[in-house]
Each structure stands twice: as structure tokens, then as C-alpha cells.
Ligand code: ADP
Ligand code: MG
């Protein structure tokens, strides 16, 4: 007996490292006319490295990194793994943290025991909404942070470190202790091998992909330039990412906070070759091998299968 074309396509896709949930996904893949790609862990390797630690006035590199790593130990974000990994590499003794709260698309916060007192440590994306461009710690419901939404006086050096890192195309995250910025971690995440070729193939088969990210404009533009992506939307919250979905989009992302994006897309595929804990639930399939390179051939396969099926 011969296999129905849509099921045959699922089998072929599976051999190429694309696990599709059902035959309807093949039909939907044949219809996509736009592609949106998450940056971190999708277009990039998802294995960022800490390039430098820039301590604020009165703080040392080790102190800032140890506080940050203590809070990040309870986070599943790829940036968290990089921060904890760097602290281990430097053989730092980490203070104990409790009440860790993940702030999706923002960062992480935890109560850290440090030199005999408790410090609310927050690690996350720089806030520049304030008129004076200060780096303000995100508010957290149920912690001391929300009680006083105080605009802490960010040291000039913190702001400058963030600006410099982002201008260089790196990801900057700020470390706050009790709302005061105490330093900046500069991270870099390389584009995946073969990303440029995969993007070019998508451009000709489906359309020019759009890069979506919660990261800042600088690092987003740097990754886009290195991979041939021309449309970039940066600084987005997880909810804002789904608002940028065209009607018949193929969306690819990893990480827990891409779930709304994957669920809202015509076809949502989760990158499953990295270490990130992903919500496969929200996706129509999982890319377990060469997640970018697999995309254009997958759409071609789906179109052919649907033609035969009709
Ligand atoms: P992306 O869109 O690149 O996948 P996210 O939406 O997960 O990124 O996060 C957006 C930004 O929030 C990150 O660039 C970083 O500045 C910050 N962030 C999120 N989680 C963390 C964390 N655990 N530690 C430090 N920063 C974080
Ligand atoms: Mg992500």
C-alpha cells in the first residue's frame, strides 16, 4: 500500500529532523507566505557567552557576577545559563538565593543572602523608558520592588556601559541590588552556522524573514546584518511579538516565552536542538536538527505533498 502524500511528507520531514504533529500542519505549511524568526536560540546558537563584566562604582567584577549568578541559578533562560557558567568558570562562591521569580521577556529577580543581609537582586534588560535614560529595575508583584517603584539613580557608568555594549552589537543586561544598578554584564551570542544560506533560501522560496526579539536594537541589527535579514523588530515583549505576526506566517522560536508567538502563527515551530526548555505544546512541530536550514526545504516539501494530495 502507498502512504497518503501528507503522511509521506511527515515521514520525510521526520528523517530531516522536523517532527510535525499531524497531517494538517503539512497543509498549513504549504500555505505560508511569511516567516518570522526569534533571535535568541533560533537565528543565534542560543549559547551566549559573557564577554565582560562592568561593575558599577564601589563594586567588583566578582561581586556583581556572583550576585547575578545567584539569582540566575533559578532561571531557565539561555542568558541565565551563560551567567551561571561564567561564575563557575571563575570559581566564584555563589551566595544563596530564594524566592526566585522569572520576569518573562524582562529578566529574573531573587532574594539573595549577601554579607549577612538580604538583597533583592534583579538581572535583566536595561530600561531606558525614563526621560533621563536611567536603568530602572523591573517592578515585581509581591516583592519589595513593586511597593516602591522608585526610579533609582543609575550611575552614569552603568548607562554608558549599556550603550557601548549595544553599539558594539552585544547584549547588555543590568544587575540591580535593592533597585540600585550595580553593574552590567555584556554577552555575545553567535549566529548559527549556515544561517546566511538558510535565510537566502527562505527569501526565494517563501519571502524575506523578519527578526523578532526582546533584545535591544543594537544586538538585533548586528545579528540581522551578519545573516542577511533586512526586517528587524527589537525590544518586544513576548505579547508584542505575536502582534507582529502576518496572517499566514511560519513562526520559529525557542524558549518558554515564545509560546504565544508559536501558538498564534499559521504554523509555529519550536527549536528543539538547544538546551532551552521549550513549550512544545504551543507549537505545531519541533525542529531537532539544523533548525534554520530545514525551513525552506520543508515548505517546498509541503507544497509538493499538497499538490499530489489534491
Ligand atoms: P529574545 O526575544 O531574544 O528571545 P527574551 O524575550 O527572552 O529574548 O528576553 C528579552 C530580554 O530580556 C533579553 O535580551 C534580556 O535583556 C532580558 N532577559 C530575559 N530573561 C533574562 C534573564 N534570565 N537574565 C537576564 N536577562 C534576561
Ligand atoms: Mg527567545
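The numbers here are math on the coordinates, done by the rules we state, and not lab data. What you see is a predicted model, and the numbers here were worked out from it, not measured in a lab. As a convention, Cβ positions derive from the backbone with ideal geometry for all residues, glycine included, and neighbour counts pool all protein chains shown.
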key: Inter-part distance where the range 27-44 and the range 215-248 are each reduced to a Cα centre, Å   = 12
query = Using only helices, what value at 222 nm comes out for the chain when you add -39,500 (n - 2.57) per DSSP H run of length 4 or more and divide by the total residues, to the nearest 500 deg cm²/dmol?
reply = -10500 deg cm²/dmol
task = Based on other C-beta atoms within 10 Å, arrange 290, 57 from fewest to most.
result = 57, 290
inquiry  = In Å, what Kirkwood hydrodynamic radius results for the range 218-310 from the alpha-carbon pair distances?
reply    = 14.4
request  = Output the relative contact order of the range 190-310, whole-number percent, from Cα pairs under 8 angstrom with separation of 6+ residues.
outcome  = 21
request  = Using only the alpha carbon atoms of the chain, find the Kirkwood hydrodynamic radius as the inverse mean reciprocal pair distance, in angstroms to one decimal.
outcome  = 20.3
inquiry  = P(r) for the range 1-110, please, calculated from all Cα pair distances in 10 Å bins and given in %.
reply    = 12, 29, 21, 16, 15, 7, 1, 0
message = I'd like the orientation of helix 156-167 relative to the chain: the angle between its Cα long axis and the longest Cα principal axis, in ° from 0 to 90, rounded to 10.
response = 20
request  = Just the number, please: percent antiparallel of the DSSP beta bridges in the chain, rounded to the nearest 5.
outcome  = 65
request  = Take the Cα of residue 300, step 7 Å along the line toward its Cβ, and report every residue of the range 8-25 whose backbone nitrogen sits under 15 Å from that point.
outcome  = 13, 16
request  = Please give the peptides 19-30, 172-183 ranked by average Cβ packing (other Cβ atoms within 10 Å per residue), highest first, as a rough proxy for protection.
outcome  = 172-183, 19-30
key: Theoretical FRET efficiency, 1/(1+(r/R0)^6), r = Cβ-Cβ of residue 243 and residue 115, R0 41 Å, to 0.05   = 0.40
request  = Starting with the highest mean, order 83-92, 219-228, 67-76 by the number of other Cβ atoms within 10 Å, averaged over the residues of each peptide.
outcome  = 67-76, 219-228, 83-92
